[in-house]
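Here's the structure, in structure tokens; my notes come after.
Each reported figure results from applying straightforward, stated rules to the coordinates on display, with no laboratory input. This structure is a prediction, so every number in the text was calculated from the model and none was measured. When we count neighbours, we look across all protein chains shown, and the Cβ atoms used for this are built from the backbone with ideal geometry, even at glycine.
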Amino acid sequence: GIQVEQSPPDLILQEGANSTLRCNFSDSVNNLQWFHQNPWGQLINLFYIPSGTKQNGRLSATTVATERYSLLYISSSQTTDSGVYFCAVVSGGYNKLIFGAGTRLAVHP
Amino acid sequence: GAGVSQSPSNKVTEKGKDVELRCDPISGHTALYWYRQSLGQGLEFLIYFQGNSAPDKSGLPSDRFSAERTGGSVSTLTIQRTQQEDSAVYLCASSLRRWNEQFFGPGTRLTVL
């Protein structure tokens, strides 16, 4: 089955810094989503982005489907950005999301 | 509008008991999914419903796990004869159609003593 790898596994930032999170996947995808899991465990949808570029406030994402990777950019980070960021994909004839292991982000004041 | 809701939010049970977990998807969403998140295994798929049918049950870990969906809406995940390794957060998600964006509920944290 498809493999999803996220990097880095852990990231520590000072408030105001920018960061880039990466998601590599091993096969073509029908769906790619980025989530933020907050400290209470809720998975919050950030982007639905099987291809192309999207922006939402301080966050933006780019998926280059032909090269099998996606990037999540966080600018001017805030302490509330802390948590785990997951990339997840749907591939082939399946409907299930396959999740990466996540990037754990800590933003310090 | 209302998001995906799940109940209970927390469930503590004794080994060997049966439990039922409930999911109310977003109104109008035809696809419904169950996942679970545990420390050792990350986020893993359990079952997918399209309407009331479950064309993909490949993630159910054993025959102690079953799920149903009625009226194309509410779904119940049942775990019989619970074991300690069943302890996890069980997450439900729904999407308008297959391959569309999936939206997750807050989860049910199951603890088996």
**Request:** Please tell me if A:Gly41 is closer than 30 Å to B:Gln6 by Cα and in a loop (DSSP other than H, G, I, E, B).
**Result:** yes
**Message:** When you scan the stretch B:89-96, do you find a residue that is more than 20 Å from A:Gly1 (Cβ to Cβ), assigned to a loop (DSSP other than H, G, I, E, B), among the hydrophobic types (A, V, I, L, M, F, W, C) and in contact (Cβ under 8 Å) with a residue 40 or more places away in the chain, even just one?
**Reply:** yes
**Request:** Return yes when B:Glu14 is more than 14 Å from chain A (Cβ to nearest Cβ) and closer than 27 Å to A:Thr103 by Cα and no when it is not.
**Result:** no
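Looking only at strands (runs of 3 or more DSSP E) that lie completely in the stretch B:1-55, which have at least 2 residues being in contact with a Gly (Cβ under 7 Å, 6 or more places away or on another chain)? It would help to see each step written out before you state the result.
On the way: elements: B:5-7, B:10-13, B:19-24, B:31-38, B:42-50.
Those strands (runs of 3 or more DSSP E) span B:5-7, B:42-50.
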**Request:** Within the stretch B:90-108, track down each residue that is over 9 Å from the mean Cα position of the chain (by Cα) and within 8 Å of another protein chain (Cβ to nearest Cβ).
**Result:** B:Arg98, B:Trp99, B:Asn100, B:Glu101, B:Gln102, B:Phe103, B:Phe104, B:Pro106
**Request:** Filter the stretch A:96-109 down to residues that are more than 8 Å from chain B (Cβ to nearest Cβ) and in a loop (DSSP other than H, G, I, E, B) and give me whichever is farthest from B:Asn100 (Cα to Cα).
**Result:** A:Pro109
**Prompt:** If we keep just the residues of the stretch A:1-47 that are of a type in the set (Ser, Thr, Tyr) and over 10 Å from the mean Cα position of the chain (by Cα), which is farthest from B:Arg97 (Cα to Cα)?
**Reply:** A:Ser19
**First in the stretch B:45-61 and away from chain A (no Cβ under 11 Å) and touching a residue at least 12 places away in the same chain (Cβ under 8 Å), second anywhere and of a type in the set (Val, Ile, Thr) and in a loop (DSSP other than H, G, I, E, B), Cβ under 9 Å, 6 or more apart** = B:Gly51/B:Thr30; B:Asn52/B:Thr70
**Message:** For the condition among the charged types (D, E, K, R) and on the phi > 0 side of the Ramachandran plot, what is the one hit in A:Arg68, A:Arg22, A:Arg58?
**Reply:** A:Arg68
**Request:** Check A:Gly93 against each of (1) buried (at least 20 other Cβ atoms within 10 Å of the Cβ); (2) not in a strand (DSSP E or B) and name the one condition it does not meet.
**Result:** (1)
